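What follows is a set of notes on a single structure, which appears directly below.
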Amino acid sequence: MSGVVVIGASYAGIQAAFAARAAGYAERVTVIADERALPYQRPPLSKDFLLDEIGAQGLLMHDEAVFADNRVELMLGHRVVAVDRNARGVVLAGGTMLGFDRLVIATGSRARRIAVRGAELDGVCYLRSIADAVDLKARLGHASEIVIIGGGFIGLEVASSAARLGKRVTVIEASSRLLERAVSPVVSRVLLERHAEASVAMKFGTAVSAVIGEDGRVAAVELAGGIRLGADLVVVGIGGIANDELAVAAGLECANGIVVDELGRTAHPGIYAAGDCANHYSRFAEGWIRLESVQHAQDQGRTVGLAIADSHEPYDSVPRFWSDQHDLKLQSVGLAARSDRFVIRGAIEAGRFSVFNYRQDRLVAVDSINNPADQMVARRLIAAGISPTPEQAGDTCCDLKSLLKTAGRAVA
Ligand SMILES: Cc1cc2nc3c(=O)[nH]c(=O)nc-3n(C[C@H](O)[C@H](O)[C@H](O)COP(=O)(O)OP(=O)(O)OC[C@H]3O[C@@H](n4cnc5c(N)ncnc54)[C@H](O)[C@@H]3O)c2cc1C
């Protein structure tokens, strides 16, 4: 086998494969995945899928025929155990070696495991794959008291779904507010209030010291300080770890993910990486960053696919993500970390507003609740490096789109 080999059949890998084809790459394209399912969407796993509002079929990215039509060969249920960059081949579990001209590593990330006593008990769950979601959904059906460890996106989305299913839910968060590294304090507060309305209990500034079992099954979660919370199901959502071990073992540079340039290239000719497993320099972060979002995986995967077809479009998308909790749609564009000032646009009490985050007078991120229109404009403003004044941002009568036009005229 030669042509392109892609490891990982999710957003980054599939985008790379299709973009290479669309840009005219004519050689063989093979995508290898250890999961057996056809490529599927992960975001609904914590939301609609848990609520039974969408089934496994509805999660699929494409019908099987679409892969055949694009001459993208899927090898599902095969794990790559080594990359031999000098021999230009990947080794599958079982020992088969597949050669490649170009290699895309799109191995994503995995859930970080909690390292406390009792962590291996039956009833301690993680959510990363469709197999995890099927298991969690079945367990949710029988559970009544759920403790969620981690007030990040996955934990909060599962909390929201479990509350809608009528379960008693408590979220344990080690820091002092929800989504501390991702959104502004105002948004954390609004989310907290909405979870409280839905009877989701929250405990902040608390670490879990052990999971307590009875007859091998989860019975409680013990907090530092000795308090015990009864639980018949524990869901752990404490972040992700890049699946970069293959790259490390192959001698590729890795630092919290596989280090790539603006075209998704590693330093080794013909080897690329994209998505959750990759670390790249971002002008929006003013530094190196590993992002975990659908937008990032798709856009960086596309860049890699184009590069393989010798069509070079540097990856420069503004980071974006979304999260659905209860009836709140949170969307964020840009990176709010290290912002030093924020302005609210819209009315918090009306449940539809945006938070414009600034760093030294520069707009760096906008978080919106139930306000996709602001997100559209914000994305373009941040990409173009245009900052409305805080007064303009806070005034809903000010048409922010007009700033884009004005800036365009000034450049022209
Ligand atoms: C429950 C859940 C909800 C989410 N919700 C949102 C959301 O609302 N918005 C958002 O923007 N993002 C969300 N995300 C994050 C988003 O799904 C990820 O950022 C995205 O899936 C990353 O895509 P990827 O292609 O980089 O990697 P992944 O989706 O992680 O896929 C990598 C694939 O490679 C496979 N693989 C790894 N190693 C090997 C190997 N050695 N051999 C073969 N195959 C291998 C993995 O099993 C996996 O199938 C969510 C994630 C989860 C789990």
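The values are calculated or read from the model by the stated rules, or taken from the named source; none is laboratory data. Please read all numbers here as calculations on a predicted model, not as lab measurements. In this analysis, Cβ positions are derived from the backbone assuming ideal geometry, glycine residues included, and neighbour counts consider all displayed protein chains.
Applying a threshold of 8 Å to beta carbon distances and a minimum spacing of six or more residues, or different chains, the list of pairs starting in the stretch 288-311 at a residue that is under 18 Å from residue 7 (Cβ atoms) and ending at one that is of a type in the set (Lys, Arg) and in a helix (DSSP H, G or I) reads 305/21. Residues in the stretch 206-238 that are at pLDDT 95 or above, part of a loop (DSSP other than H, G, I, E, B) and within 27 Å of the chain's Cα centre (by Cα): 237, 238. Listed by first and then second residue, the pairs with beta-carbon distance under 6 Å, at least 6 apart or on different chains, first residue in the stretch 164-177 and acidic (Asp, Glu), second crowded, with 17+ Cβ neighbours inside 10 Å, are 173/151. Quick check: is even one residue across the stretch 319-334 among the aliphatic types (A, V, I, L, M) and either assigned to a loop (DSSP other than H, G, I, E, B) or more than 16 Å from the ligand (Cβ to nearest atom) (or both)? No: zero hits. Residues that are part of a loop (DSSP other than H, G, I, E, B) and either under 25 Å from residue 101 (Cα atoms) or within 14 Å of the ligand (Cβ to nearest atom) (or both) within the stretch 282-305 comprise 290, 291, 292, 293, listed in sequence order. Taking the conditions exactly as written (near the ligand (Cβ under 9 Å from one of its atoms) and free of Cβ contacts under 8 Å to residues at least 24 places away in the same chain), does residue 44 satisfy them or not? Yes. When you scan the stretch 248-257, do you find a residue that is within 11 Å of the ligand (Cβ to nearest atom) and modelled with pLDDT of 95 or more, even just one? Within the stretch 248-257, one or more residues are within 11 Å of the ligand (Cβ to nearest atom) and modelled with pLDDT of 95 or more.
Scanning the stretch 107-134 for residues that are of a type outside the set (A, V, I, L, M, F, W, C), touching a Leu at 6+ places or on another chain (Cβ under 9 Å) and outside any loop (DSSP other than H, G, I, E, B) returns a single hit, 132.
The set of residues in the stretch 119-133 that are away from the ligand (no atom under 16 Å from the Cβ) and farther than 16 Å from residue 146 by Cα contains only 120.
Pull up the stretch 335-351, narrow it to residues that are assigned to a helix (DSSP H, G or I) and hydrophobic (A, V, I, L, M, F, W, C), then point me to the one that is nearest to residue 378 (Cα to Cα). Checking each candidate, the answer is 348. Within the stretch 265-281, the only residue that satisfies the criterion of being part of a strand (DSSP E or B), away from the ligand (no atom under 15 Å from the Cβ) and free of Cβ contacts under 8 Å to residues at least 40 places away in the same chain is 281. Test residue 290 against the stated conditions and say whether it is under 18 Å from the mean Cα position of the chain (by Cα) and surrounded by fewer than 24 Cβ atoms within 10 Å (Cβ to Cβ). Yes, satisfied. Just one of the listed residues (60, 51) is within 24 Å of residue 276 (Cα to Cα) and either within 15 Å of the ligand (Cβ to nearest atom) or at pLDDT 95 or above (or both), namely 60. Counting only residues that are part of a strand (DSSP E or B) and more than 6 Å from the ligand (Cβ to nearest atom), which one in the stretch 1-14 is surrounded by the most Cβ atoms within 10 Å (Cβ to Cβ)? Residue satisfying both the conditions and the ranking: 6. Residues in the stretch 15-72 that are assigned to a helix (DSSP H, G or I) and of a type in the set (D, E, K, R) were compared, and the one that is nearest to residue 138 (Cα to Cα) is 64.
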